[in-house]
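Data first, discussion second: the structure below is written as structure tokens.
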Amino acid sequence: MSDNAIATAAAQISATRASAVVPVVTTFFDEATFTATHVVHDPATLRAAVIDPVLDFDQASGRTSHASADRVIAHVEAHGLTVDWLLETHAHADHLSAAPYLKQRLGGQIVIGAAIRTVQNVFGKVFNEGPAFARDGSQFDLLMDDGHAFRVGEIEAVALHVPGHTPACLAYVIGDAVFVGDTLFMPDYGTARADFPGGDARTLYRSIRRLMALPDETRVFLCHDYKATGRDQFVWETTIGAERTANVHVHEGVSEDEFVAMREARDATLGMPKLILPSIQVNMRAGHLPEPDSNGVRYLRLPVDLL
Ligand SMILES: [Fe+2]
């Protein structure tokens, strides 16, 4: 079966590696949510993309804050970067997005996968949203489908639709680097859960196999790391070759049925992420909080005995 988007991405990766200009990646790791936010820039033009920025949120007090996002802003300003893109790999369930805050401070378009509409429909029902909550993705500046081509400065980029963890997951291939979101973790840790509403282990396996068709030397950047047993450092960068040969859940040779059985058994043992309810309510709105109530205060809802 021909896979044009993967072929395009593979050609782009090889061409980037043969050229003098590869994207510069700087990562900010948030230990509160184990999230890696990446700033990717073209060293020739200093145009940049920020991937999966974190808004700090204290659940107990209901307070948001910006220390994590401000570190990204300081980096962008110190290096004279211009941010064109604020890229979300998916509607995260474990942290709130700082994309609107960064957009206000730095500019850039907020992007997510076109299947966010599916996520908005599913969670619009979970939170019993009224008609004021649009389910057409219009809270975002741009929705990308599989194969959507774009640029970071002069560096070519392409989005890949990699559903499974969520229906709307995108991987962004920028130059010779792929930002895989939660499709893959480090080889020694494995893969992300596929049991959220709209998730599917079989679909995730197929998305991972697509990514593994990219060149072995492709740089892979993750959205999370949790330190595998026996490792005491957070790591968020690996390669397609390392994932293909050594990923403990899904290395070459693990069949689709074996993966699905392992993933579903493991997911059945996992509790909900601590911040899933606030995160999804905010992230399905492109990182915006719900509209204020009549007293001017914004509220987040908590469905009881539903999930
Ligand atoms: Fe996730």
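The values are calculated or read from the model by the stated rules, or taken from the named source; none is laboratory data. Predicted model, so just to flag it, every value in this text is computed and none were measured. Glycine gets a Cβ as well: all are built from the backbone with ideal geometry, and neighbour counts include every protein chain shown. Heavy atoms of the whole protein, side chains included, go into the accessibility calculation; ligands, DNA and RNA do not. Shrake-Rupley method; radii C 1.70, N 1.55, O 1.52, S 1.80 Å.
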**Message:** Exactly one of these conditions fails for Pro197: (1) touching a Phe, Trp or Tyr at 6+ places or on another chain (Cβ under 9 Å); (2) more than 30 Å from Thr82 (Cβ to Cβ); (3) open to solvent by 20 Å² or more (accessible area, probe 1.4 Å); (4) at pLDDT 95 or above. Give me its number.
**Reply:** (4)
**Selection status of Val111, open to solvent by less than 70 Å² (accessible area, probe 1.4 Å) and in a strand (DSSP E or B)** = yes
**Message:** For the range 52-105, give me every one of the strands (runs of 3 or more DSSP E) that falls completely inside it and has 2 or more residues that are within 16 Å of the ligand (Cβ to nearest atom), within 18 Å of the chain's Cα centre (by Cα) and at pLDDT 95 or above.
**Reply:** 54-58
**Asked** Considering only residues of the range 145-163 that are surrounded by fewer than 24 Cβ atoms within 10 Å (Cβ to Cβ) and closer than 19 Å to His92 by Cβ, which is nearest to the ligand (Cβ to nearest atom)?
**Response** Pro163
**Prompt:** Residues of the range 277-304 being in contact (Cβ under 8 Å) with a residue 60 or more places away in the chain and of a type in the set (Ser, Thr, Tyr), which ones?
**Reply:** Ser279
**Request:** Please specify each residue of the range 255-285 satisfying the condition of being closer than 26 Å to Asp136 by Cα and in contact with a Leu (Cβ under 9 Å, 6 or more places away or on another chain).
**Result:** Leu275, Ile276, Leu277, Pro278, Ser279, Gln281, Val282, Asn283
**Item:** Set Pro167, Pro187, Pro131: member being open to solvent by 10 Å² or more (accessible area, probe 1.4 Å) and within 13 Å of the ligand (Cβ to nearest atom)
**Value:** Pro167
**Asked** What number of residues within the range 212-221 are out of contact with any helix residue (DSSP H, G or I) (no Cβ under 7 Å at 6 or more places or on another chain) and closer than 13 Å to Asp182 by Cβ?
**Response** 1
**Item:** Single residue of the range 20-59 satisfying the filter (more than 20 Å from Phe234 (Cα to Cα) and either among the polar types (S, T, N, Q) or out of contact with any strand residue (DSSP E or B) (no Cβ under 9 Å at 6 or more places or on another chain) (or both)) that is surrounded by the fewest Cβ atoms within 10 Å (Cβ to Cβ)
**Value:** Ala20
**Asked** Considering only residues of the range 225-244 that are under 23 Å from Ala93 (Cβ atoms) and among the aliphatic types (A, V, I, L, M), which is most open to solvent (accessible area, probe 1.4 Å)?
**Response** Val235
**Complete:** Among Leu222, Leu211, Leu204, the single one that is in contact with a Cys (Cβ under 9 Å, 6 or more places away or on another chain), open to solvent by less than 20 Å² (accessible area, probe 1.4 Å), in contact (Cβ under 8 Å) with a residue 40 or more places away in the chain and aliphatic (A, V, I, L, M) is Leu204
**Request:** State yes or no: is Ser65 hydroxyl-bearing (Ser, Thr, Tyr) and within 25 Å of Leu96 (Cβ to Cβ)?
**Result:** yes
